[in-house]
Amino acid sequence: MNGLRSGEALLGDLATGQLTRLCQVAGLSEADTAAYAGVLIESLGATAGRPLALPPPSHTFLSDDHSPVEFSLAFLPGRTPDLRVLVEPGCSSGDDLAENGRAGLRAIHAMADRWGFSTDQLDRIEDLFLPPSPEGPLALWCALELRPGGVPGVKVYLNPSANGADRAAETVREALARLGHRQAFDSLPRAEGFPFFALDLGDWDAPRVKVYLRHPGLSPAEAVSMPRMTPAPGRERLEEFFRTVGDLPAGDLTDAERADRLTGRPALTCHSFTETATGLPSGYTLHVPVRDYVRHDGEARERAVAVLRSNDMDSTALDRALTAVTPRPLGDGVGLIAYLALVHQRGQPRRVTVYVSSEAYETRPPRETVPTHDRVRAQL
């Protein structure tokens with residue numbers, strides 16, 4: 001159990017407490033912190049007042065324990081990390097995906113009215129992702145990049161499988177075309193699924209359209225061959241990140257000894273598009289679900305620190321962030337650090353993003369073993 005949960009504590013109290021302490025780590029002012037805590041409460045709707053002693057309001061795909069909130073910190077060299085919060089605004093709708101999506105849309109439009117941004121891009125593709133009888137694991141998520149000044153950057157995440165998993169590729173292709181990226185789909189690498197389609201809304205220097213791909217059994221060689229952006233990310237640094245996070249052996253292996261491949265929860269790649277002339281992405285992100293490749297969060301933290309230091313980023317903020325979310329010993333559970341991501345965006349410095357679970361409802365116990373590549377390596 002999360003040490004911050006007790007008695008009749010409410011989800012909103014837990015989440016805003018976590019957010020408030022994380023805002024301190026990110027260097028946000030008290031005024032901005034109070035404003036963003038209010039936005040989070042509004043985004044959670046009726047669920048904010050739901051006691052944590054009750055089960056989660058829905059089986060949301062957003063987190064392993066069905067918490068409708070997740071945090072992330074984006075690290076850059078020489079800077080305090082940027083803080084984001086991901087929320088499912090329709091979580092109060094239970095497992096009714098159609099109502100979940102409608103509630104999510106209402107939340108986005110309320111944000112647009114509040115902060116004066118357009119939802120035209122979202123409106124153009126709404127019917128593709130929010131049909132009357134949607135399928136799949138989600139309807140709409142909203143991520144807020146918490147900036148100084150109290151006005152966040154807004155991102156919307158949608159489900160390409162809303163009309164069926166067999167039509168996900170068709171849905172992504174059509175959405176890209178409607179948004180002016182008619183050549184973009186053909187630039188994507190091969191994958192085994194499209195988990196998310198995302199849009200930047202509001203005040204962004206170069207608003208992105210992002211396509212996420214799923215890659216079961218990904219190897220380092222495949223991970224470094226996935227980028228289609230120019231200039232391409234450095235292959236050596238990408239491979240180092242992938243091997244460090246997945247705890248994969250370095251060096252050449254024969255096909256018979258192939259142990260350098262993720263065999264648990266699949267890695268994801270994200271390909272972001274900001275211009276329509278070339279059809280090529282301007283960004284590439286490699287997401288590794290570190291929680292599936294460690295015994296406990298102490299190991300996940302060690303890998304995150306190694307990645308941050310190898311990219312000349314300050315890791316001390318990570319420890320403060322983890323303490324801000326939960327007081328529990330890291331060795332007592334697994335999943336607090338959900339993903340580690342290496343982000344490349346043309347014209348911007350490389351960054352590392354650490355995704356941190358709220359663990360509002362459950363802390364998964366440590367595991368005795370990690371996925372098969374460790375066992376295979378032990379046999380070599």
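Laboratory data are not the source of any read-out in this text; all were calculated from the coordinates shown. Being a predicted model, the structure only gives us computed values, none of them experimental. Glycine gets a Cβ as well: all are built from the backbone with ideal geometry, and neighbour counts include every protein chain shown.
List of remarks:
Quick grid of which residues meet (1) surrounded by fewer than 21 Cβ atoms within 10 Å (Cβ to Cβ); (2) touching a helix residue (DSSP H, G or I) at 6+ places or on another chain (Cβ under 6 Å); (3) free of Cβ contacts under 8 Å to residues at least 40 places away in the same chain:
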site	(1), (2), (3)
Asp123	yes, no, yes
Leu130	no, yes, yes
Ser133	yes, no, yes
Pro137	yes, no, no
Trp141	no, no, no
Gly149	yes, no, no
Gly153	yes, no, no
Tyr157	no, no, no
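- Selection from region 345-355 of residues that are surrounded by fewer than 23 Cβ atoms within 10 Å (Cβ to Cβ) and either within 12 Å of the chain's Cα centre (by Cα) or part of a strand (DSSP E or B) (or both): Gln345, Arg351, Thr353, Tyr355
- Residue tally, condition hydroxyl-bearing (Ser, Thr, Tyr) and over 20 Å from the mean Cα position of the chain (by Cα), over region 201-229: 2
- Single condition Val224 does not satisfy, out of (1) in contact with a strand residue (DSSP E or B) (Cβ under 7 Å, 6 or more places away or on another chain); (2) buried (at least 18 other Cβ atoms within 10 Å of the Cβ): (1)
- Restricting region 280-308 to residues that are among the charged types (D, E, K, R) and surrounded by fewer than 23 Cβ atoms within 10 Å (Cβ to Cβ) leaves a set whose member that is farthest from Val354 (Cα to Cα) is Arg295.
- If you filter region 278-297 down to residues that are touching an Asp or Glu at 6+ places or on another chain (Cβ under 9 Å) and in a helix (DSSP H, G or I), you find that the one that is nearest to Gly335 (Cα to Cα) is Arg291.
- Any hit, region 84-92, residues being among the aliphatic types (A, V, I, L, M), within 15 Å of Cys142 (Cβ to Cβ), surrounded by fewer than 21 Cβ atoms within 10 Å (Cβ to Cβ) and touching a residue at least 12 places away in the same chain (Cβ under 8 Å): yes
- Condition check for Phe71: among the aromatic types (Phe, Trp, Tyr), over 22 Å from Leu44 (Cβ atoms), touching a Lys or Arg at 6+ places or on another chain (Cβ under 8 Å) and touching a residue at least 12 places away in the same chain (Cβ under 8 Å): no
- Note on region 168-269: enclosed helices (runs of 4 or more DSSP H) holding 1 or more residues that are under 18 Å from Leu122 (Cβ atoms) and without any contact (Cβ under 8 Å) to a residue 12 or more places away in the chain are 168-178.
- Restricting attention to region 307-325 and to residues that are assigned to a helix (DSSP H, G or I) and polar (S, T, N, Q), the residue that is farthest from Val343 (Cα to Cα) turns out to be Thr323.
- Extreme residue, surrounded by the fewest Cβ atoms within 10 Å (Cβ to Cβ), among residues of region 59-83 that are of a type in the set (A, V, I, L, M) and part of a loop (DSSP other than H, G, I, E, B): Leu76
- Selection within region 97-116 - free of Cβ contacts under 8 Å to residues at least 40 places away in the same chain, exposed (fewer than 15 other Cβ atoms within 10 Å of the Cβ) and at negative phi: Glu99, Arg106, His109, Asp113, Arg114
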